[in-house]
Amino acid sequence: MSTGESAPIVEFDRVVFSYNYTEVLHEVSFTLAKGEVVGLLGPNGAGKSTTIKIMAGILSPGGGTVTVTGLPLPERAVDVKLRIGYVPETAMLFDSLTGQEFLELSGRLHGVEEDALQARIEAMLETFNLLSDRSSRLDSYSKGMRQKILIAAALLHNPELILLDEPLSGLDVNAAIMIKDLIAALAAGGKTILYSSHVLDVVEKVCNRVLIIHQGKLIADGSAESLKASTKESTLEDVFRSLTGAASVDPGVARIVAAMAS
Amino acid sequence: MKPLRDWTGAVLRGPAACRLLARMGIDARRFWLLTDLFGQLAARRELMSNLGHNATALRTSGWILCAMSGLMTLVLVTVHPHLATYLAAFLGLTGFLMSGVLFSEAGNSLVNPVEGLVLAHQPIDGATYTAAKLTHLARILLYLVPALNGIPALGGLLIGAPWYYPLLHLGAAFALGGVIALSCCAAFGWLIRFVPARRLKAAGQVAEVVPWTAFVMFQNSRGLLRHLHMPHWMPTDTATLAWIGVAIAAVAACAVAMGLRCLSGDYLVRISAIAGGSSGAKAKPRHSRTGGLVARYFGGPAARAGFEFVGRMLRRDWQFRRQMIPMLPAVVWVSYMAASGWRTSPFSGTFTVMHVAPHLFGMLFFVICPLLVYGSDYKGSWLFLLAPGGAIEPFARGIYAWLWLRIVVTPHIVLLAAAVWVWGIRDAALFTAYSAAVASLYLGLELRLIDGVPFSKPPKPSGQAILFPIMMGGGIVAAGAVAVQHFLLFRSPAAVLVTAVALSAGAYAATRSSLDAFATAIRFNLGLMSAEAKPLYTEVG
């Protein structure tokens with residue numbers, strides 16, 4: 001995993017975003033360099049998925065500038081979408097399609113040539129142990145199988161930037177280990193990866209840089225080691241707790257138990 | 001038929017058509033990929049909320065409209081009108097029905113793009129996506145325009161039209177339908193461009209009301225037009241009028257073109273905001289007193305759950321509100337009539353608008369009850385699978401309580417208060433009792449039309465297209481009941497009193513029986529749901 005010194009793949013400059021007059025991102029700025037694996041952390045509602053959706057060209061920023069692979073968003077959203085792979089946090093799929101059909105649709109929309117597409121689908125399905133289920137409808141797939149299809153669809157067109165929003169959700173242990181290895185291999189091959197997750201030890205293992213967003217603000221940006229050193233904490237989980245005030249959840253737990261007994 | 005279909009497909013996907021699409025800013029390859037995808041999803045019953053994607057619903061609507069236009073042709077051929085009047089009558093009907101259906105379908109496609117969430121991160125530009133999305137409007141035209149105009153086009157030959165009249169008639173109807181379809185898309189293009197995403201769904205519904213209410217307003221605005229003395233300030237020479245016409249047409253064409261352009265811009269970039277857009281309004285936590293009373297008298301917390309669930313969802317469910325929109329012209333019309341004629345007592349011996357009022361409740365329930373099971377948030381109905389068996393009856397009673405208290409009892413209390421002042425106590429009390437009994441009987445009978453848990457099924461796409469003929473049929477039945485009531489009943493207050501008592505008893509018995517049937521329907525549908533849980537999860541959005 002190397003942090004390249006060429007032009008950044010992603011530039012977020014003072015990005016603002018609001019839902020229904022509620023500002024969820026307040027002037028967030030950061031860059032991602034080629035070949036970096038960056039972890040994006042934050043509590044629920046902090047703005048992680050919104051950040052990723054803006055980067056994927058799905059949402060328009062309310063202010064600031066965003067460029068991805070040198071292209072401005074949202075003006076060049078279609079071109080950006082050709083260059084990125086995105087695994088959304090919720091497995092939104094067309095459930096009446098089969099796994100094979102969904103991957104074909106995704107690949108064809110990205111303009112992958114038919115021969116290459118079929119070869120890649122074959123390889124992906126085999127790697128993810130989905131070959132025997134390729135002709136089954138997606139509504140018969142388990143949560144983990146659906147997640148594998150989403151990951152395969154995100155990689156089919158060989159994107160430069162890969163955005164992973166909770167990619168290990170629903171995956172079994174073997175598949176999760178395989179995805180972690182895959183992330184490392186992709187980064188070694190020069191891909192840039194933004195990895196959003198609540199599983200902090202995985203982020204600590206696979207990412208060479210961590211961004212922490214809290215209440216719409218970027219409150220930390222650095223390697224796991226540098227963050228531990230600056231906060232004088234021993235683990236990334238402790239860093240996260242101290243920066244986001246997660247320690248204050250215990251009274252809430254007591255309140256829930258008390259309310260259930262009342 | 002198959003060779004013709006293959007040939008049409010080959011021409012449409014051929015290089016010439018692709019060049020034409022490219023000239024319009026549409027990526028032909030992705031356009032056909034999306035068109036095939038939507039067709040495939042519809043064939044597998046995943047994308048069912050669009051009329052144009054549902055061949056069964058289109059055929060049903062087509063046959064109903066065909067029967068209606070056949071009857072109209074029969075009447076007009078018997079009257080033997082001038083050919084221009086004959087053509088204008090059917091084009092007017094086509095314009096009226098198509099504007100309602102297409103406006104609603106365009107709105108459902110563009111401001112409720114459920115499948116857009118799956119495709120939002122795919123490299124598709126707005127023009128290509130909206131073009132593929134709106135091809136189903138063309139299918140609606142291809143089915144419904146011939147259904148409405150096929151028989152009338154041939155019928156024209158019976159009133160002395162030349163041999164080519166059927167072609168002329170159908171051509172004019174298709175051209176009109178095409179203009180309406182483009183105008184509907186353009187109108188939503190303007191809305192999407194200028195209305196914030198969080199208000200788009202509400203704005204779309206307001207826009208859908210416009211063609212229907214404009215029709216009713218036009219019906220009732222002749223006096224106003226006469227009052228304005230338009231001929232005095234309008235130019236009289238033909239050349240000036242022609243230029244004004246051309247100018248208006250040019251402005252309209254520009255507005256349509258710009259509206260379509262608005263649709264094709266960054267539509268897919270904003271689709272997440274559009275699909276997930278909500279008003280942002282926060283409901284205050286309320287503990288309704290009526291809910292407490294319903295819990296006490298209709299069967300406990302489960303009854304209160306039914307009462308409050310239906311009350312809230314009726315106000316907030318986007319698909320339900322959308323399906324109720326065609327009712328609005330009737331409401332406007334009745335309000336207009338009521339405002340002009342309610343001061344005369346129904347016992348005065350003359351016919352008044354109040355004689356119709358009790359039967360309007362019947363028509364209202366006739367529309368509401370069958371539609372009540374369809375909603376946007378039907379996937380949340382898994383919750384009812386967890387309800388204990390004993391909660392179903394009180395839950396059904398709670399739903400009935402909302403319909404009866406809010407739609408029957410409340411308006412009658414208002415009516416009584418107002419009528420006492422104008423008609424006197426005896427007439428007011430007698431008529432209110434009679435009207436409430438009739439309305440309760442209608443509700444008691446039509447409760448059987450609620451086929452399952454309210455808001456637990458995906459919306460039925462044929463609803464909009466067949467509602468108008470159904471309302472016409474219901475109107476004819478109600479007119480018969482009003483005539484019987486006027487000539488046989490309202491001659492004697494004693495007869496009205498006896499009838500009101502009899503109807504109340506009938507309403508009680510009908511409600512008891514229908515509540516049992518309703519609870520059984522809920523149980524049956526929950527059983528189906530648990531046996532085949534897939535429909536809950538298969539449809540996107």
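The values are calculated or read from the model by the stated rules, or taken from the named source; none is laboratory data. All values derive from a computational prediction rather than experimental measurement. Heads up, the Cβs are rebuilt from the backbone with ideal geometry, glycines too, and the neighbour counts pull from every protein chain shown.
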Worksheet entry | Unmet criterion (only one of (1) of a type in the set (Asp, Glu); (2) away from chain A (no Cβ under 14 Å); (3) in contact with a Ser or Thr (Cβ under 8 Å, 6 or more places away or on another chain)) for residue B:105 | (3)
Item to complete: Take the residues in region B:81-102 that are touching a Phe, Trp or Tyr at 6+ places or on another chain (Cβ under 9 Å) and farther than 17 Å from residue B:143 by Cβ, then tell me which one is modelled with the highest pLDDT.
Response: B:87
Discussion item. Of all residues being within 10 Å of chain B (Cβ to nearest Cβ) and surrounded by fewer than 24 Cβ atoms within 10 Å (Cβ to Cβ) in region A:74-89, which is nearest to residue A:144 (Cα to Cα)? Just the residue, please.
Written reply: A:88
Discussion item. Please pick out the residue among B:83, B:74, B:51 that is farther than 30 Å from residue A:110 by Cβ and in contact with an Asp or Glu (Cβ under 7 Å, 6 or more places away or on another chain).
Written reply: B:51
Discussion item. Just to confirm my filter: which helices (runs of 4 or more DSSP H) fall fully inside region B:1-113 and include at least 2 residues that are without any contact (Cβ under 8 Å) to a residue 12 or more places away in the chain, of a type outside the set (A, V, I, L, M) and over 30 Å from residue B:321 (Cβ atoms)?
Written reply: B:2-12, B:15-23, B:28-43
Discussion item. With the structure loaded, tell me whether residue B:394 is modelled with pLDDT of 85 or more, touching a Leu at 6+ places or on another chain (Cβ under 7 Å), in the same structural domain as residue B:521 (by TED's automatic domain parsing) and more than 14 Å from residue B:357 (Cα to Cα) or whether it fails that test.
Written reply: no
Fill in: Unique match (being surrounded by fewer than 22 Cβ atoms within 10 Å (Cβ to Cβ), touching a residue at least 12 places away in the same chain (Cβ under 8 Å) and either at negative phi or not aromatic (Phe, Trp, Tyr) (or both)) among A:42, A:70, A:57, A:47
A:70
Discussion item. Whether any residue in region B:470-493 is within 28 Å of residue B:316 (Cβ to Cβ), of a type outside the set (Phe, Trp, Tyr) and either in contact with a Ser or Thr (Cβ under 7 Å, 6 or more places away or on another chain) or modelled with pLDDT of 80 or more (or both) is what I want to check.
Written reply: no
Fill in: Count of region A:210-235 residues which are buried (at least 16 other Cβ atoms within 10 Å of the Cβ) and without any contact (Cβ under 8 Å) to a residue 12 or more places away in the chain
2
Worksheet item: If you go through region A:90-111 one residue at a time, do you hit one that is closer than 25 Å to residue A:210 by Cα and away from chain B (no Cβ under 14 Å)?
Response: no
Worksheet entry | Out of B:159, B:140, sole residue that is of a type in the set (Val, Ile, Thr), away from chain A (no Cβ under 14 Å) and in contact with a Gly (Cβ under 6 Å, 6 or more places away or on another chain) | B:140
Fill in: The one condition in (1) aliphatic (A, V, I, L, M); (2) in contact with a Cys (Cβ under 8 Å, 6 or more places away or on another chain); (3) within 14 Å of another protein chain (Cβ to nearest Cβ) that residue B:124 fails to fulfil
(2)
Worksheet item: Hey, any hits in region B:158-166 for a residue that's surrounded by 15 or more Cβ atoms within 10 Å (Cβ to Cβ), over 30 Å from the mean Cα position of the chain (by Cα) and outside any helix (DSSP H, G or I)?
Response: yes
Item to complete: Please go through region A:126-151 and pick out each residue that is under 25 Å from residue A:189 (Cβ atoms) and more than 21 Å from the chain's Cα centre (by Cα).
Response: A:126, A:129, A:130, A:131
Item to complete: Restricting attention to strands (runs of 3 or more DSSP E) lying wholly within region A:156-241, give those where 1 or more residues are of a type in the set (D, E, K, R) and touching a Pro at 6+ places or on another chain (Cβ under 8 Å).
Response: A:161-165
Worksheet item: Would it be correct to say that residue B:343 is farther than 23 Å from residue B:214 by Cα and modelled with pLDDT under 85?
Response: yes
Item to complete: Within region B:475-517, track down each residue that is of a type in the set (D, E, K, R) and assigned to a helix (DSSP H, G or I).
Response: B:512, B:516
Worksheet item: Would you say residue A:64 is more than 12 Å from every other protein chain (Cβ to nearest Cβ), among the small types (Gly, Ala, Ser) and under 17 Å from the mean Cα position of the chain (by Cα)?
Response: no
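Here's the yes/no breakdown for (1) aromatic (Phe, Trp, Tyr); (2) buried (at least 16 other Cβ atoms within 10 Å of the Cβ); (3) assigned to a loop (DSSP other than H, G, I, E, B); (4) out of contact with any Cys (no Cβ under 9 Å at 6 or more places or on another chain):
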residue: B:376; (1), (2), (3), (4): no, yes, yes, yes
residue: B:380; (1), (2), (3), (4): no, no, no, yes
residue: B:401; (1), (2), (3), (4): no, yes, no, yes
residue: B:416; (1), (2), (3), (4): no, yes, no, yes
residue: B:420; (1), (2), (3), (4): no, no, no, yes
residue: B:430; (1), (2), (3), (4): no, yes, no, yes
residue: B:435; (1), (2), (3), (4): no, yes, no, yes
residue: B:442; (1), (2), (3), (4): yes, yes, no, yes
Discussion item. Of the residues A:154, A:175, A:184, A:188, only one is in contact (Cβ under 8 Å) with a residue 40 or more places away in the chain and under 14 Å from the mean Cα position of the chain (by Cα); which?
Written reply: A:154
Item to complete: Would you be able to say whether some residue in region A:9-18 is within 14 Å of chain B (Cβ to nearest Cβ), buried (at least 21 other Cβ atoms within 10 Å of the Cβ) and assigned to a strand (DSSP E or B)?
Response: yes
